[in-house]
Amino acid sequence: MDALQTNQLTKTYGKKTVVNSVDLHIPRGAIFGFLGKNGAGKSTFINMVTGLIKPSSGSFKVLGHSENRLESIQKEVGVLPDYSTFYDDLTAFSHLNYFQKLLKQSLSKQDILRVLSQVGLEEAMHIKVKNYSFGMKKKLGIAQSIIHQPKLLFLDEPTSGVDANAVLNIHSLIKEIAAQGTTIFLTSHNLYEVEKLCDEIAIMNHGSIQTQGTMEQLRAQYQQNIVIHIHHRTLSEKEQIRLQTSFTGLTVKIQIGETVSEITVPSKELIPQVNKLFVGQDIDVFRLEVEEPSLEEIFLNLE
Amino acid sequence: MFTVGLREFRSLFTSIRSILIIAVLFGVTVGAARLVRQFEAPLQELGLGQDAYVMGLMLLLILAAPLFVTSLSHSIVNKEIDTRTIRFLATKTSRSNIILGKFIGSFLFWSVCITVALLLIIPFSKSFSVLNLIQAIIFVSYFIGLTLFLSTIISKPSLSMFLGIIISIALPVLGLWSTGTDNLFIKTLGYVTPYFYYMQEENDHYYTYFVAFFPILFIVLSLFIFRKRDL
């Protein structure tokens, strides 16, 4: 059973289609990255599957529960909305206490303290939220989403607007939560973050899923050329010219240097041949680096 | 539902505005009772008896309850939507629980305030009228329901406050006017205000219980709209 399964999920506002017939299957236990530019429809998608907005058409199942079993979904799902504000008059502790009661949990004070210390708010737990920094509010947002130990956690831009230190803390927290078996659905603008954390990625553009797969699958799908950097012994001018001509027909681009050469080949299978050509001409190769396309390049290729 | 209600109840007690309203409510009640005490004999002759002590409170409620309720609860639902705290609630409990909880919290707050105000009159009246208490609570619950409904259908708190104030002034005027006019339109409009039912003959006080139907209607309408709404 998938953690999330959507079938032709669509949301329209008037004539504008914000989410367009999205079919998505998210396996249990994965950290699933959901990428897209501003206005791509990521938050609308999350808001639909968490019951905040009604789909215009299509259906979805969360942890096997259909959309009309919202109360069952709420018990097993945690949500960090994209923009989190809290009650100014409450402290972090009273927020979590209030939210756990809404979820009909009967957590002890110790349980709440454990969650607060998990997100690093234990020292500020009795301070009213109006005095919190943006980063602290994000942490409280995460704390409220995991208070009931959900099986599926939606994190909508968990690190946006947060300083570098807090980003690292949130990243380790996400890994920690995932290690406990929680499926995580993470949306982000930060490609590096998604690449670093996620097992599987979907890219949304203009309301539709443009591509989905693991990083390797996306690379294989969108990778056009492979750039190889070869660090070798110092080559004479004569050797450089000879080497340059021996690659004819094999490479897309070739740039032989004195100690480092850059060879661009059309497929991964040609990498051993490139190495053989160097070794065959009695050139010692010290290091061979294969430059793979980053998620950013794949993302830009989809434009 | 009760968790939302309890939170609403507590937050109403802690705001400055509510403290001021409680002070006015209690101050006017005790002040009116003291005033009535000075004219006890003539009022007894008029047949008002012990009810005269409660009249101060009832008069205050009839004229100012709409404004009191509006000023405290005009943003009971839409503030949560405006600040997006609703997203924390709606992902943890059902929408029906939110609406019913909001009503219960506000209803409890006013019930406690009116009960305390009536208790404060006891030293003067030497009696406690449960009937008056129920009637006063039903009267106020009309406005709690109306405010909840307005706050559900209007998304901006500033607009619901503006409209709430207009209605708070218009309803008593319209309601009281409808009881003494032959204008069919005004008379018909009067049926949807609680004033028509509260201005019936003394013996027909069962009319006032009919007013309890209105908050139920407002809650049902609010639930219907809120369930369909994108948050």
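Brief remarks follow.
- Applying the criteria of a DSSP loop state and at most 12 other Cβ atoms within 10 Å to the trypsin sites (Lys or Arg not before Pro) of the stretch A:1-49 yields A:15.
- Backbone HN-Hα couplings from phi across the stretch B:170-180 [Karplus 6.51/-1.76/1.60, Hz, Gly and Pro as x]: 5, 4, x, 4, 5, x, 6, 4, 5, 6, x
- Amide H partners (placed H, <5 Å) of residue A:208, local residues excluded: A:20
- Heavy atoms of residue A:23: accessible area, 1.4 Å probe, square angstrom to 10: 70
- For the stretch A:174-270: rounded, prolate or oblate by the Cα gyration tensor [a/c cutoff 1.5]: prolate
- Given 15 as the ceiling on other Cβ atoms within 10 Å, longest exposed-site-free region of chain B for chymotrypsin sites (Phe, Trp or Tyr not before Pro) in DSSP loops: B:40-127
- Just so you know, the Rg over Rh for the stretch B:114-231 is 1.04, from Cα atoms, with Rh as the Kirkwood radius.
- Square roots of 5 times each gyration tensor eigenvalue, C-alpha, the stretch A:12-140, largest first, Å: 31, 18, 14
- Compactness of the stretch A:70-224 was expressed as the Cα radius of gyration divided by 2.2 N^0.38 Å, which yields 1.11.
- For the protein assembly as shown, alpha-carbon Rg over 2.2 N^0.38 Å: 1.40
- Shielding score for A:140-146, defined as the mean number of other chain Cβ atoms within 10 Å: 1
- Cα-based radius of gyration for the stretch B:72-123, normalised by 2.2 N^0.38 Å, reads 1.51.
- Phi-based couplings in Hz for the stretch B:186-195 (Karplus 6.51, -1.76, 1.60; Gly and Pro marked x): 5, 4, 5, 4, x, 5, 8, 9, x, 4
- In degrees, nearest ten, helix B:51-73 long axis to first principal axis of chain B (Cα): 20
- Within chain A, all pairs of alpha-carbon atoms sorted by distance into 10 Å bins from zero give the percentages 6, 23, 25, 18, 12, 10, 5, 1.
- Inter-label distance, nm, simple model (7 Å from Cα along the C-beta direction), residue A:284/residue A:104: 7.4
- C-alpha long axis of helix A:109-118 to longest principal axis of chain A, angle in °: 20
- Label zone at residue B:26 (point 7 Å along Cα-to-Cβ), backbone N below 17 Å, the stretch B:106-124: B:109-124
- For the stretch A:42-47, 3J(HN,Hα) per residue [Karplus equation, 6.51 cos²θ - 1.76 cosθ + 1.60, θ = phi - 60°, Hz, x = Gly/Pro]: 4, 5, 4, 4, 4, 4
- Cβ-Cβ FRET estimate between residue A:23 and residue B:16, R0 fixed at 60 Å, reported to 0.05: 0.70
- For the cross-link pairs A:16/A:175; A:61/A:268; A:15/B:102; A:139/B:156, the ones whose C-alpha atoms lie over 31 Å apart are A:16/A:175; A:61/A:268; A:15/B:102.
- Annotation: amide H of residue A:226 within the under-5 Å range of A:265, A:267, sequence separation 5 or more or interchain, hydrogens built in the peptide plane.
- Counting, for every residue in A:147-160, the Cβ atoms of other protein chains within 10 Å of its Cβ and taking the mean gives 0.
- Take the convex hull of the alpha carbons in chain B; its mean projected area over all directions comes to 13.1 nm².
- The angle separating the long axis of helix A:134-146 from the principal Cα axis of greatest extent in chain A is about 70 degrees.
- Distance between modelled label sites at residue B:187 and residue A:127, nm, 7 Å Cα→Cβ extension: 6.7
The values are calculated or read from the model by the stated rules, or taken from the named source; none is laboratory data. Values in this document were obtained by computation on a predicted structure and should not be read as measured data. Glycine also receives a Cβ, built like all others from the backbone with ideal geometry; neighbour counts cover every protein chain displayed. Note: accessible area is taken over every heavy atom of the protein model, side chains too, but ligands, DNA and RNA are not part of it. Shrake-Rupley method; radii C 1.70, N 1.55, O 1.52, S 1.80 Å.
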